[in-house]
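Below: the structure, in structure tokens.
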Amino acid sequence: MRNILGIFKKDVKDIFTNYAMLIVVGALCILPSLYAWFNIKASWDPYGSTSNISVAVVNNDKGTTVKDKHINIGDELEKNLRENSDLGWKFVSKKKALDGVKDGSYYASIEIPSDFSKDLTSLITSDVKKGKLIYTVNEKINAIAPKITDKGASTIQLQINQTVVETVSQILFEASNELGIELEGQIPKLTDIENSLVEIQSKFGDVNKTLDLASDGANKVQDLVKDIKKDIPLIKETLNKSKSLSSDVKEFLKNSQSSINSITPIIKNDISVINDIANSVVNTANTLNNSISNGTDDALTLADSLSTKLNNLSNVNKSLIEFLNKLNSLTPNHPLTNTINKLKDIDSSVTQGVNSLNSLKGQLQSGQTPASGALDKVLKVGNDIKGITSNLSNNFDSAISAPINNIFEKGYSVSDNVIKTLEDAESKLPKAESILDTAFSLSDKGIEGINYAKEKLPKVENIVDELTDAIKKVNNQEDLNDLVKLLKNDIVKEKNFLKEPVTVNQNKLYPIENYGSAMTPFYTVLSLWVGLLLLSSLLSAEVHGDYKPYQVYLGRGLTFTTIAVIQALIVSLGDIYILGVQSVNPVLLVLGSVFTSIVFTFIVYSLLSVFGNMGKAMGIILLVIQVAGSGGTFPIEVTPKFFQMVNPYLPFTYAISMLRESIGGIYYPVLYKDISILCIYIIVSLLIALPLKKPINKIYKVFNGKFSESGLSEH
């Protein structure tokens, strides 16, 4: 032990008594921090500065007219983009845009064609066309910029989709509402005709009794004919209007079928969203259960997160119930009642879960330890909801899609029935009118007129009876009132629902202020490894003197470790106080950096001490693999298979994960696991270096001698 400490003391003395060595060691202590700080600062908030990325927008949209209303979706989009600072939108001509993308003035361009609005609003016509944007991007300017502009193009597409849905659905709902109101206003007119026809029917009996009395009979015929002829124009007008209106309704329902069909995917998506949130509730509840069992400090944070998720689930579910209730009320058999009841069961379950969770949060806030199984009810709620939504998804076509389609198909059927009934009634009017004209002209010609009336008036009476029955049939159709309910709507409410059927309340479990802070663990860990590579390149692992191999290894190892600890202190303290990175636990960031540096020292120094120059090369190879395979920048799941395979065995993986706990928020099971695995690297390094240093050094000396003979080496 004395020799080990003696080597360390001599190294310290040599550093402070040799100004050249002191300068070199001082530089070695500072250089890693500069590497980390410059990279962290350079990536501080790149996604918050995207307003400087120029994207050209060319608006050639001429607009279109739909239902006497001028619509220009391109202008609406341009207006929205002028208020949007996500990217640097530049509104220019087509030529300037193309030239600018070619020479790099703009990273990308988006052209809105002249017939854009016309194509998009074709949804409500029989000739449906998709609107197309022309997106041009120069990918050679920068590797990342195209990904950012792609996101901008996607944002525009989303805005357009929302605008189109809002605009087209408003037109459809307004037209539907007008038809519903007009049809509703026509029903009383049909009732008036029915009453008039009933009154006329009652007069036929009196006329028939008096036809044998010539003069009196003639007078009765004249009075009856006058009464009937007086009402015929009104009957004609009302029948034509009702028939025309029914045809309009049928045509409207046909033309808007594509919009109607869009309802079911929205509902299916809502059910999927509820299921996803329920999955998240179960996962978070399990994590919270573990946190409570382990006595960790983040239980309250997890409970808050769980509460937010339950509220989000409830909001989506209530919105869906409200919409389905409206559809369900359109028909007397209420085909969606069973589905709505299942969704109400979800609502009741959520209420129970929230109450249980509030009780648990109260215990946590007061410092009490919740009883075992305190989250069982919440877990049951999540699993119950998953069961309900899975059932709804599996039976979606029969339970939801088919009933909704039947509602609108019934509208077609009602319209067809009304049209057919009224057409039959209308076809009989000319014959009745002809008989009445003749009867009226002959009514003052004595017996001839009386005989004609006796022969023909029963036919008129039959026609009046048939007309009365037809009007009664239309008036008594409950389906006609259902059709009115289907057509009439709250325009603003319905268009807003279709525009944005699902709203997501974002819940950040471990919020991080900026990208630089999020990247601090990676660049800090990377700089510590780079610092040790520099250290191994400038300082020797060998000691002159009569020492045993293990004494040399441990004695010089103390020197390496001391310098590495200083490097870690400078980097981590600079992260906090110079750069101002976010850290929920600065002490953990500093201590974690120091511990990481010690672990890396054992690895890099052991390679140098045992393998010499080859050990330096091994350290560089490990660096290259770890930069790509640690998941420090991109999620490891998106990297090639090789890096996914080696990821669990790399020290960077656990060092970065440990420092992330200090940046965003501590989850102790992860922290303890990271520390434990990093300790294993120390043990493995010692187990390899101590027994192998002596035999491998002998082999290496022969190799190094041959290497030196080349005259190309440093020594």
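Descriptive notes on the structure:
- Checking each residue in the stretch 545-569 for being within 16 Å of VAL604 (Cβ to Cβ) and basic (Lys, Arg) picks out only ARG556.
- Flag for ILE144 being at pLDDT below 80, closer than 17 Å to ALA56 by Cβ and of a type in the set (A, V, I, L, M): no
- Being assigned to a loop (DSSP other than H, G, I, E, B) and in contact (Cβ under 8 Å) with a residue 12 or more places away in the chain holds for only one residue in SER117, SER105, SER109, and it is SER105.
- Hits in the stretch 23-62 (condition: aromatic (Phe, Trp, Tyr) and either surrounded by fewer than 17 Cβ atoms within 10 Å (Cβ to Cβ) or within 31 Å of the chain's Cα centre (by Cα) (or both)): PHE38, TRP44, TYR47
- Failed condition for PHE595, given (1) more than 41 Å from the chain's Cα centre (by Cα); (2) in a helix (DSSP H, G or I); (3) of a type in the set (Phe, Trp, Tyr): (1)
- Looking only at the stretch 302-315, and only at residues there that are surrounded by fewer than 20 Cβ atoms within 10 Å (Cβ to Cβ) and under 17 Å from ASN269 (Cα atoms), the one that is nearest to the chain's Cα centre (by Cα): ASN315
- The set of residues in the stretch 647-665 being hydrophobic (A, V, I, L, M, F, W, C) and under 29 Å from the mean Cα position of the chain (by Cα) consists of ILE663 alone.
- Test: LEU569 is free of Cβ contacts under 8 Å to residues at least 24 places away in the same chain, out of contact with any Gly (no Cβ under 8 Å at 6 or more places or on another chain) and surrounded by fewer than 23 Cβ atoms within 10 Å (Cβ to Cβ): no
- Taken over the stretch 68-89, the criterion of being in a loop (DSSP other than H, G, I, E, B) and either in contact with an Asp or Glu (Cβ under 7 Å, 6 or more places away or on another chain) or within 14 Å of PHE116 (Cβ to Cβ) (or both) is satisfied by ASN72 alone.
- Pair list, Cβ < 7 Å and 6+ apart or interchain, from the stretch 63-90 residues that are not assigned by the TED database to the domain that holds VAL101 and buried (at least 16 other Cβ atoms within 10 Å of the Cβ) to residues that are modelled with pLDDT under 85 and part of a helix (DSSP H, G or I): none
- In the stretch 361-382, the qualifying residues are those that are part of a helix (DSSP H, G or I) and touching a helix residue (DSSP H, G or I) at 6+ places or on another chain (Cβ under 6 Å), and the one that is modelled with the lowest pLDDT is LEU364.
- Residue check for TYR523: in contact (Cβ under 8 Å) with a residue 60 or more places away in the chain, surrounded by fewer than 19 Cβ atoms within 10 Å (Cβ to Cβ) and in contact with a Gly (Cβ under 9 Å, 6 or more places away or on another chain): no
- Restricting the stretch 12-24 to residues that are of a type outside the set (Phe, Trp, Tyr) and in contact with a Leu (Cβ under 8 Å, 6 or more places away or on another chain), the residue that is modelled with the lowest pLDDT: ILE15
- Lone unmet requirement of (1) over 23 Å from ILE277 (Cα atoms); (2) at pLDDT below 80 for LEU336: (2)
- Boolean, SER122 is more than 23 Å from ALA143 (Cβ to Cβ), modelled with pLDDT under 85 and either surrounded by 23 or more Cβ atoms within 10 Å (Cβ to Cβ) or outside the structural domain of ALA56 (by the TED database) (or both): no
- Some residue of the stretch 626-640 being of a type in the set (Phe, Trp, Tyr) and either in a helix (DSSP H, G or I) or under 22 Å from LEU532 (Cα atoms) (or both): no
The values are calculated or read from the model by the stated rules, or taken from the named source; none is laboratory data. If you're wondering where the values come from, they're calculated on a predicted model, not measured in any experiment. Quick reminder, even Gly has a Cβ in these numbers, built from the backbone with ideal geometry, and neighbours come from all protein chains shown.
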